[in-house]
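I have placed the structure first, in the form of structure tokens, so that the comments after it can refer back to it.
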Amino acid sequence: MFRLKYLPHKKDDEQIVFFLRRHWFIIIKIIFVYGILALIPALFYWVLVNGAEIWLNNELAKTFLVLLGFTYYLFWWLLLYHAWLDYYLDIWIVTSHRVINIEQKGLFNRFIAEHKLFRIQDVVSKQQGMLPTLLNYGEVHIQTAGSEKTVVFEQVSRPHYVAQETIKLVEWRKQIVAKTMEKMEKLDEMEGIE
Amino acid sequence: MEIPIIIFLYLYLMMVTFFILFSIFLVYHALRFGTATITNLFTMGLFLAVAAGILISSYAYISGVDWELVIKLF
């Protein structure tokens, strides 16, 4: 299992600033839809009892329908767990050094990308629609240098705050990198003089 | 023409096999890529418990059915 303490290639002074998943409302919406789907066999049974009892009296038809019901609930449960994992395994981590983007796209498609903070050029937050505004969730788009692709934190809580803090981190990291570069240039010059 | 109802059982067992294979993949993903948290372990345990419940219930039902019966079409 993945332990936050042991991030891959973690530096000694690296600290996790944000550990993000989609907003809780997204999984509630999925559970709600699956809750409705769970009622379909019960509704079907109610229709049979009230309108087509002959099916329930026939042993063969009954066996067929019961097995169909078991199959339905097996796959309903399987797909619900799959939807949960799809939600749970999508992670965005912002540390004091980098942004890590881990996305599970389907069962056999896992995408992991890592971007150094000093290479980030632009951070934009978006909140579109009534529910995202009310519940305060949305997207954060991060544009990195040297790559046309944008990292997108999808449906995360407090997108504006996350974007603001990420910008501050990027600026801070760029200053550190600039200072380090200056020091290195000075060292090079001194070596040149000697 | 007669069709033995055991065909329903075979079809159901095929579905159960598919379910088990798919479940193994999902649990593997949760174990391999999930975070080491109570939530991950709890949801995995819940998934396995409910799946076992459905399978045991279906076994209880299946064992009570007379699979010698046939469907007469003509």
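Summary table below
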| read-out | value |
| --- | --- |
| Anisotropy class of segment A:27-86 from Cα gyration tensor, a/c 1.5 cut | oblate |
| For residues of A:71-78, the mean tally of beta carbons on other chains within 10 Å | 6 |
| Debye log10 I(q)/I(0) at q = 0.16 Å⁻¹ for chain B, Cα point scatterers | -0.70 |
| Selected from A:Val151, A:Val123, A:Val66 as most flexible by GNM, with chain A as the system and alpha-carbon contacts under 10 Å | A:Val66 |
| Residue exposure sequence - B:Tyr12, A:Tyr45 - by fewest surrounding Cβ within 10 Å | A:Tyr45, B:Tyr12 |
| Pairs beyond 32 Å (Cα-Cα), from A:Lys11/A:Lys149; A:Lys105/A:Lys183; A:Lys105/A:Lys179; A:Lys29/A:Lys174; A:Lys29/A:Lys116; A:Lys149/A:Lys186 | A:Lys105/A:Lys183; A:Lys105/A:Lys179; A:Lys29/A:Lys174; A:Lys29/A:Lys116; A:Lys149/A:Lys186 |
| Selected from A:Tyr72, A:Tyr88, A:Tyr137 as most flexible by GNM, with chain A as the system and alpha-carbon contacts under 10 Å | A:Tyr72 |
| Inter-chain shielding of A:157-163 (mean C-beta neighbours from other protein chains, 10 Å cut-off) | 0 |
| Within segment A:27-69, backbone nitrogen closer than 13 Å to the virtual label 7 Å beyond the Cα of B:Ile3 toward Cβ | A:60-61, A:64-65 |
| Alpha carbon convex hull of the protein assembly as shown, volume per residue in cubic angstrom | 185 Å³ |
| Ranked list, fewest to most other Cβ atoms within 10 Å of each Cβ, for A:Leu20, A:Leu68 | A:Leu68, A:Leu20 |
| 10 Å Cβ neighbours from other chains, averaged over peptide B:28-41 | 5 |
| Exposure proxy ranking, count of Cβ atoms within 10 Å, fewest first, for A:Thr166, B:Thr43 | B:Thr43, A:Thr166 |
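Laboratory data are not the source of any read-out in this text; all were calculated from the coordinates shown. Since this is a predicted model, take the numbers as computed values, not measurements. Cβ sites come from the backbone with ideal geometry, for glycine too, and all protein chains shown count toward neighbours.
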